[in-house]
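K.L.:
One structure, as structure tokens, below. Some questions next.
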Ligand code: TSB
Ligand code: ZN
């Protein structure tokens, strides 16, 4: 999809279109007042105070019609530059504009207004020359949006739209949006009963339904096996900690705004944990370590709680209660490169298994011109950054560097993906940390019998099970590979009177072989059941009739295919067991 904000021509067009929309809204709702109307990646929006009015579904076409009318009238768009004083006078009845103007610095900003016909708006511009140029637009959706994004403020009405130069471009874009909507994990998650939300549980706190729980369990088993093979030890630790734990780790000072508030229990102050590192530091510290023990890899499928703004929570992708596929790796400085390489290789391996190709590696480094912002050990930084780069080059991984994006405590590598709807998010992450081992006074004894401080790598391959599941739902459009499918085989008897018993026998056999199977014994037509098996996206549908019963065979159809294949039952079971274990 084209990024409208970054395309100069489309940026101007969309910005002008936001004004056109505002003008149309003003015609239809004379009391409307306007806050800001920026261009975004997907087009534009405008935040509007409609008094007591609320935008409804049927209002968008009305506004669009008015926009078309204004566009046809073809008024020129004029720019006028005014002083701050003049601006305050001109917009004196509009508290939103006054708010904007008052914050403008007279010395450095030129205050400009744009007028088209009967509508004037405060704006930096630039704009197209006449409203006539705004022909191929569409209002996409609307929502509420708190003024300045603050839930304590008034809820404004936000209308989103998009504008292109040519009709075909607009249509192509609308098709893309429609496709993205179909792929949205929130839609599929609901249809396929993967997760739900309930206001009694709270925003950003999804409930994983049985189908989702199967997927998650498969993901857990999958990554657990991989990690065991790579020498990880797994632990279980509580999802709360005392405030003192987070004071020791530094989260209390630097991460508090992302944490849930304190709970007082007897004499102790607890918080729900936002991260698991402090617990894992204590697990490491439980024993004395020699350099021979390192690397030590402590993994956990760990539940964390983070305060995410209510407007930011989104399905499984951005939640307030999440489960990280977390691990902390304790290494000597010499082991950084080798261990980092193993993590990146694991990421590559996992993405390959899931057939994922649409992702980018981002290497976040320190800004060398702003060294005070970072943990003070020049050598450590230089060496570590060089090692990370050389590992990525050695593995032939494409990546881009984000200078100044490193954490205070060290450089990191993230994997960025683009969801069906909305901005990019991080899935996997691997973060070097020079500081936390110091804060927890961790040590190991080196080959000279001297005490040394280990380096920690924080890493999450799936990121969280929540976000990873959201992503694979969208990538697969809900057609999961066999090994992940909540229901792997759907059994349909051709005729309930004659074939139900045989079908039950097959179902039993499949179950005994660990295959997730369902029997459709409803009194419905065969064709209807077959179609439903398709819409439910079940990978394999068995159709069992006279022939199958007589010959002890099964006939199956794969999702999305038309032909039916007949196989001896044992052979079929062996085949799919193989496919499941190979994760095909
Ligand atoms: C990797 N301490 C490290 C850990 O050891 C850590 O917490 N890193 S993190 O803050 O980057 O989080 C790890 C991963 O969790 C992110 O890469 C991202 O994929 C996922 N994540 C972060 N916030 C959310 C959220 N609100 N909802 C779902 N997943 C999230
Ligand atoms: Zn961590």
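K.L.:
Send over the semi-axes of the chain's equivalent ellipsoid, whole angstrom and largest first, taken as the square roots of 5 times the C-alpha gyration tensor eigenvalues.
P.N.:
Equivalent ellipsoid semi-axes, largest first: 47, 40, 21 Å.
K.L.:
Between the range 329-406 and the range 121-144, how far is it from one alpha carbon centroid to the other, in angstrom?
P.N.:
The two parts, judged by their Cα centres, are 42 Å apart.
K.L.:
Could you give me the percent of Cα pairs per 5 Å distance bin for the range 106-160, shortest bin first, beginning at zero and ending with the bin that holds the maximum distance?
P.N.:
4, 13, 13, 15, 22, 20, 10, 3
K.L.:
A follow-up question, please. Remind me, what semi-axes does the range 111-261 give for its equivalent ellipsoid, largest first in whole Å, using sqrt of 5 times each Cα gyration tensor eigenvalue?
P.N.:
Ellipsoid semi-axes (Å, largest first): 45, 26, 17.
K.L.:
Here's something else I'd like to know. Would you give the gap between the C-alpha center of the range 155-216 and the C-alpha center of the range 500-549, rounded to a whole Å?
P.N.:
31
K.L.:
So how compact is the range 55-143: Cα radius of gyration and Dmax in angstrom?
P.N.:
15.4, 45
K.L.:
Just need log10 I(q)/I(0) for the range 208-260 at q = 0.20 Å⁻¹, Debye formula, equal scatterers on the alpha-carbon atoms, no solvent, rounded to two decimals.
P.N.:
Debye output, listed in q order: -0.84.
K.L.:
Could you please state, rounded to a whole Å, how far the C-alpha centre of the range 53-95 is from the C-alpha centre of the range 414-491?
P.N.:
What the calculation gives is 47 Å, centre to centre.
K.L.:
If we count other beta carbons within 10 Å of each Cβ, what is the order of 73, 433, fewest first?
P.N.:
Placing the least packed residue first, the sequence is 73, 433.
K.L.:
Indicate the gyration tensor shape class of the range 475-556 (rounded, prolate or oblate), computed on the Cα atoms with a ≥ b ≥ c the square roots of the eigenvalues: a/c under 1.5 is rounded; otherwise a/b larger than b/c is prolate and the rest oblate.
P.N.:
oblate
K.L.:
For the range 114-200, what are the per-bin percents of Cα-Cα distances with bins 5 Å wide, up to the bin holding the maximum?
P.N.:
Bin by bin from 0 Å, the calculated values are 3, 10, 11, 14, 17, 18, 13, 7, 5, 4, 0.
K.L.:
If each residue of separation counts as 0.36 nm, what is the full-extension length gain between residue 179 and residue 244 once their alpha-carbon separation is subtracted?
P.N.:
Full extension from residue 179 to residue 244 adds 18.5 nm.
K.L.:
Can you compute the helix-only [θ] at 222 nm over the chain? Use -39500 (n - 2.57) per DSSP H run of at least 4 residues, normalise by all residues, nearest 500 deg cm²/dmol.
P.N.:
-11000 deg cm²/dmol
K.L.:
Moving to a separate point now. What FRET efficiency, computed as 1/(1 + (r/R0)^6) with R0 = 30 Å and r the Cβ-Cβ distance, is obtained for residue 532 and residue 228, rounded to the nearest 0.05?
P.N.:
The formula returns an efficiency of 0.15 here.
K.L.:
Please give the length that would be gained between residue 524 and residue 65 if that part of the chain were fully extended, namely 0.36 nm times their separation in residues minus their C-alpha to C-alpha distance (nm, one decimal).
P.N.:
So the chain would gain 160.6 nm between residue 524 and residue 65.
K.L.:
Multiplying the sequence separation of residue 190 and residue 552 by 0.36 nm and subtracting their Cα-Cα distance, what value in nm do you get?
P.N.:
Taking 0.36 nm per residue and subtracting the Cα distance, the gain is 126.5 nm.
K.L.:
I would also like to ask the following. When 430, 323 are ordered from fewest to most other Cβ atoms inside 10 Å of their Cβ, what list results?
P.N.:
Least to most surrounded, the residues fall as 323, 430.
K.L.:
In vacuo Debye scattering of the range 306-387, one point per C-alpha: log10 I(q)/I(0) at q = 0.12, 0.13, 0.25 Å⁻¹?
P.N.:
Each listed q maps to, in turn, -0.62, -0.72, -1.16.
K.L.:
Bin by bin, in steps of 10 Å, what percent of the Cα pairs in the range 404-517 do you find, going until the bin that has the longest distance?
P.N.:
11, 22, 20, 16, 15, 9, 5, 1, 0
K.L.:
Which shape class applies to the range 270-348: rounded if a/c is under 1.5, otherwise prolate when a/b exceeds b/c and oblate if not, where a ≥ b ≥ c are the square roots of the Cα gyration tensor eigenvalues?
P.N.:
Oblate shape, in that a/c is at least 1.5 and b/c is the bigger or equal ratio.
K.L.:
Using a 10 Å cut-off around each Cβ, can you sort 459, 124 from fewest to most neighbouring Cβ atoms?
P.N.:
124, 459
Only the coordinates and a few stated rules stand behind these numbers; no lab work does. Bear in mind the structure is a predicted one, so any value in this text is a computation, not a measurement. Methodologically, a virtual Cβ is constructed for each residue, glycine included, from the backbone with ideal geometry; neighbour enumeration extends over all protein chains shown.
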